[in-house]
């Protein structure tokens, strides 16, 4: 039995899975870049499913996540395998991850031996967005769009929707949603020659097409404000 499923979960939390959806231009097309994030978004929010924290100020969007578990002493081998190290005493491990231009401060793992068991604590801070020339903030019809330029010059986009104290924050589109968009806008991208499956999706919607995309996507709140 694998006792560190929570650790595996967090590593996935830092790195996106599946084909990415990228945009040829920041959205909305031709929109004005804001010098800071909208004031109405400032504050701390808690994720409704996994209790991770989301903090928004004038320039940054940061997620924080914490988990602690007591596991059998012999299951320390799982940590050693994941991090390719030998652990024989109380240990702190720091891991930093970075994908394209999405900033990340990584995670800190504390391992403390307790007789025949081990206490494992994971504490992490992930800087998801920081206003700059490569990370642009734009507003469109009540939505706040965060545009992040990738190293190949395309754009990854996340979107905020705030209703009262409830916040929806997610990718503008995921791979499953893109499959239903071909009647709205053109979808391009490379295809794996063996699996015959897309490896990425490229979109370049007009403002009218973006409006239709925003109307069709799921925008149920996934965070609630705590202060």
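The values are calculated or read from the model by the stated rules, or taken from the named source; none is laboratory data. Note that the coordinates shown come from a computational prediction; the quantities given were computed from them, not determined experimentally. In this analysis, Cβ positions are derived from the backbone assuming ideal geometry, glycine residues included, and neighbour counts consider all displayed protein chains.
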Which one of these does residue 165 not meet: (1) touching a helix residue (DSSP H, G or I) at 6+ places or on another chain (Cβ under 9 Å); (2) surrounded by fewer than 21 Cβ atoms within 10 Å (Cβ to Cβ); (3) touching a residue at least 60 places away in the same chain (Cβ under 8 Å)?
(1)
How do the strands (runs of 3 or more DSSP E) wholly within the stretch 135-227 filter down when requiring 3 or more residues that are over 17 Å from the mean Cα position of the chain (by Cα) and modelled with pLDDT of 90 or more: which remain?
135-140, 200-203
Looking only at the stretch 1-60, how many residues end up being part of a helix (DSSP H, G or I), surrounded by 14 or more Cβ atoms within 10 Å (Cβ to Cβ) and at pLDDT 90 or above?
1
Can you name the number of the only condition in (1) in contact (Cβ under 8 Å) with a residue 24 or more places away in the chain; (2) surrounded by fewer than 15 Cβ atoms within 10 Å (Cβ to Cβ); (3) assigned to a strand (DSSP E or B) that residue 122 fails?
(2)
When the residues of the stretch 61-85 are narrowed to those that are without any contact (Cβ under 8 Å) to a residue 40 or more places away in the chain and in a helix (DSSP H, G or I), which ends up nearest to residue 167 (Cα to Cα)?
83
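Kindly evaluate residue 170 against the criterion of being free of Cβ contacts under 8 Å to residues at least 60 places away in the same chain, surrounded by fewer than 16 Cβ atoms within 10 Å (Cβ to Cβ) and under 16 Å from residue 214 (Cα atoms). Explain how you work it out, then say what you get.
Working: free of Cβ contacts under 8 Å to residues at least 60 places away in the same chain: yes; surrounded by fewer than 16 Cβ atoms within 10 Å (Cβ to Cβ): no; under 16 Å from residue 214 (Cα atoms): yes.
Considered against the rule, which asks whether it is free of Cβ contacts under 8 Å to residues at least 60 places away in the same chain, surrounded by fewer than 16 Cβ atoms within 10 Å (Cβ to Cβ) and under 16 Å from residue 214 (Cα atoms), residue 170 comes out as no.
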Of everything in the stretch 72-108, what is at pLDDT 80 or above and under 25 Å from the mean Cα position of the chain (by Cα)? Give them in sequence order.
108
